[in-house]
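What follows draws every value from the coordinates through simple rules; no lab data is involved. Bear in mind the structure is a predicted one, so any value in this text is a computation, not a measurement. Cβ: placed from backbone, ideal geometry, glycine included. Neighbour counts: every protein chain shown.
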Amino acid sequence: MPVKLCSACSTNKAVLRRAATGSLFCKDCFFAAFEQEVYRVIIDEGLLHRGERVAVGASGGKDSTVLAHVLTTLNRRYDAGWDLFLLSIDEGISGYRDDSLATVQENEIEYGIPLTVVSYKQLYGWTMDDIVRQIGTKNNCTYCGVLRRQALDRGAVFTKADRIVTGHNADDIAETVLLNVLRGDIPRLGRCTATTTGGGGPLPRSKPLKYCFEKEIVMYAHFKKLLYFSTECLYAPFAARGLARTYIKDLEAARPRAILDVIQAASELRFEGGTDNAPPPTIPQECSRCGYMTSQTVCKACVLLEGLNKGLPGLGIRRVKGHPVP
């Protein structure tokens, strides 16, 4: 069988087929194309600016590891002037997060950028293991998602960051679109495809890997021999996202570009009474308890923590007598 050559350089042996175009690429051309695509998203959508202090959400997994590697590479290559540092959240999941944080600590040394770790125990007085022991595994991802998001915000504020960047990829966003459709969650559906959220606030969040396929992120990490933690969260099998992930993977197997098409379709939605592709915005206000920004009088994190502290784990998730869902 004849050797298939890279369609970009026509010289080297091809090692993979690009998901979006079907083109064959060698390793070197794939690295160059992948990094340039991320850089173009950053520049075209104004995600990062010279002099900004940027918190790179780092879990130790493939996405955040590739993000940290690519950003440090681009920062050096283009003399971009980004002040990058790693920000990790320790949820307190024994046998999972402690091991992944060890990987992040090695990344800190390899990439030469500092690391800050913020823990649930430190912020909330609870670990995820504590929470699961009280509530079981049915809604644990709801708790973790809400608390983790606020923990990232708090960690970024503590370290005086100007922006947070996360490793959410195209597969993640397509799954989120599907989940929001299934839940009928119009507000989140309207903003889940945005490359940057909170752009008008003091701490925007950006997704430089928004258009990157998960399989290409894996291949990039593999060919670059990047060190990352690949074990799934112990509580992930109980998450509803697993159903959406399976469906999206089936779509990708039939037609790889379907992932980008799902994102594009959601971004083109228009909502009555809203502007662009978002429903009418809620007016942010400070949580009356913790002081963080929220669309309610009391933020979701405080409601969930109240339920835990009062022995009412359903508070904030389902209706509890005398305590309506906010």
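Just a few scattered comments:
- From the coordinates shown, Cα Rg over 2.2 N^0.38 Å corresponds to which of [x] 1.03; [y] 1.22; [z] 1.58: [x]
- Of all stretches in the chain that contain no trypsin sites (Lys or Arg not before Pro) in a DSSP loop with at most 13 other Cβ atoms within 10 Å, the longest one is 51-137.
- Phi to ³J(HN,Hα) by Karplus 6.51 cos²θ - 1.76 cosθ + 1.60 over region 285-301, Hz, x for Gly, Pro: 8, 7, 4, 5, 9, 9, x, 7, 5, 7, 8, 10, 5, 10, 5, 4, 4
- Over 30 Å between alpha carbons, listed pairs LYS121/LYS224; LYS160/LYS224; LYS138/LYS160; LYS62/LYS310; LYS121/LYS225; LYS4/LYS215: LYS121/LYS224; LYS160/LYS224; LYS138/LYS160; LYS62/LYS310; LYS121/LYS225
- Calculated FRET efficiency for the pair VAL181/ASP250, C-beta based, R₀ 22 Å, to 0.05: 0.85
- Summed side-chain charge close to ALA161 - residues other than ALA161 whose Cβ falls under 13 Å, Lys, Arg +1, Asp, Glu -1: +1
- A cut-off of 5 Å between modelled amide H atoms, ignoring neighbours fewer than 5 places along the same chain, links THR116 with LEU86, LEU87, SER88.
- Placing a label point 7 Å from the Cα of ARG50 along the Cα-to-Cβ direction, the residues of region 58-89 with a backbone N closer than 11 Å are 79-82.
- Taking 0.36 nm per residue of separation and subtracting the Cα-Cα distance, full extension of the segment from ARG77 to THR196 would add 40.5 nm.
- To the nearest ten degrees, helix 62-77 and the longest principal axis of the Cα atoms of the chain are 60 degrees apart.
- Full extension of the chain segment joining HIS222 with VAL157 gains 20.0 nm, where the gain is 0.36 nm per residue of separation less the Cα-Cα distance.
- Cα long-axis angle, helix 140-158 against the chain (0 to 90 degrees, to the nearest 10): 80
- Principal-axis tilt of helix 241-254 within the chain, Cα atoms, nearest 10 degrees: 20
- Sum of side-chain charges, ALA244 neighbourhood, beta-carbon under 15 Å (Lys, Arg +1; Asp, Glu -1): -2
- Note on the chain: with charges restricted to the Cβ of Lys and Arg (+1) and Asp and Glu (-1), its dipole about the Cα centre is near 500 debye.
- Three-way shape label, region 1-97, alpha-carbon gyration tensor, a/c 1.5: oblate
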